[in-house]
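The values are calculated or read from the model by the stated rules, or taken from the named source; none is laboratory data. Source: prediction; values computed, not measured. Neighbour counts are summed over all protein chains in view; Cβ atoms, including those assigned to glycine, are modelled from backbone coordinates with ideal geometry.
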Amino acid sequence: MKIAKIVKSNSHIDYIGRVIDELDVADPPSSEDFGFANFVSLPLENDSEIIGVIYNSMLINPEYANFGPRLSPKPELGNFSPDYLNEQGFLIGILLLGTKLQSGKISQGVPHRVVPAGQEVFKIDREAVKKFHTDENNSLQIHYYSQVIAHAGLFAVPLLEAIIDELTSSGCSEDDKKRLDVLKQTLAWQRTIGMMRL
């Protein structure tokens, strides 16, 4: 399901997409489709795709602090001013986590490609998320862990916890569940120590 288009970047792996709305498509995505820790795909022209995760959201509201008098109520603006557009919307922060090649091979880490402005962003299903986190030996992999810690800022720990919960509930093996549990305990410890420093 298409949920957004890339509008800018903060770095090579940190992109911002504008969520599509009823002005773009007849059936726009719901707020659950572009929520925190949802995995997304950015398809490339050679049938490979870049995989990322939503780690932030921002509200666009040009009317903020616009307290001047209105000549007409909002519903009537469409009649008196047909070119009036509701410019409110959502921006989502997308952290790139790796690449899925045309051959199906998964490569976690910093993608080599630069994502162009206007690139379409699609939400991926749970099965695709599981496949992205499975190596050739059918074991769980999260090689982008340090990438998230370095680039997601204050959202890094909650994001990793949400990803761990998603992977735990996706039917991974008992060994992988134990590894995820250890990782989650480590994150909880880091959060506790971080709050003690404040």
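Look through region 87-128, keep the residues that are closer than 30 Å to ILE60 by Cβ and of a type in the set (Asp, Glu), and return whichever of them is modelled with the lowest pLDDT. Within region 87-128, the match that is modelled with the lowest pLDDT is GLU87. Residues in region 13-35 include at least one that is modelled with pLDDT of 90 or more and in contact with a His (Cβ under 8 Å, 6 or more places away or on another chain). Restricting to region 36-59, give me the number of residues that are over 20 Å from ILE142 (Cβ atoms) and among the β-branched types (Val, Ile, Thr). Final tally of qualifying residues: 0.
Taking the conditions (1) touching a residue at least 40 places away in the same chain (Cβ under 8 Å); (2) more than 22 Å from PRO29 (Cβ to Cβ) in turn, ALA128 satisfies each one other than (2).
Based on this model, can you work out whether GLU166 counts as touching a Pro at 6+ places or on another chain (Cβ under 9 Å) and surrounded by 10 or more Cβ atoms within 10 Å (Cβ to Cβ)?
Criteria not met by GLU166.
When LEU140 is tested against (1) hydrophobic (A, V, I, L, M, F, W, C); (2) under 28 Å from SER30 (Cα atoms); (3) in contact with a Lys or Arg (Cβ under 8 Å, 6 or more places away or on another chain), only condition (2) is not met.
Of all residues in region 110-125, exactly one satisfies the criterion of being of a type in the set (D, E, K, R) and without any contact (Cβ under 8 Å) to a residue 40 or more places away in the chain, namely ASP125. Taking the criterion of being touching a residue at least 12 places away in the same chain (Cβ under 8 Å) and in a helix (DSSP H, G or I), the residues of region 140-155 that qualify are TYR145, GLN147, VAL148, HIS151, PHE155. When restricted to residues that are surrounded by 14 or more Cβ atoms within 10 Å (Cβ to Cβ), of a type in the set (A, V, I, L, M, F, W, C) and part of a loop (DSSP other than H, G, I, E, B), region 111-139 contains 2.
Mind checking whether some residue in region 161-180 is in contact (Cβ under 8 Å) with a residue 40 or more places away in the chain, more than 25 Å from ILE92 (Cβ to Cβ) and in a helix (DSSP H, G or I)? For region 161-180, residues in contact (Cβ under 8 Å) with a residue 40 or more places away in the chain, more than 25 Å from ILE92 (Cβ to Cβ) and in a helix (DSSP H, G or I): present.
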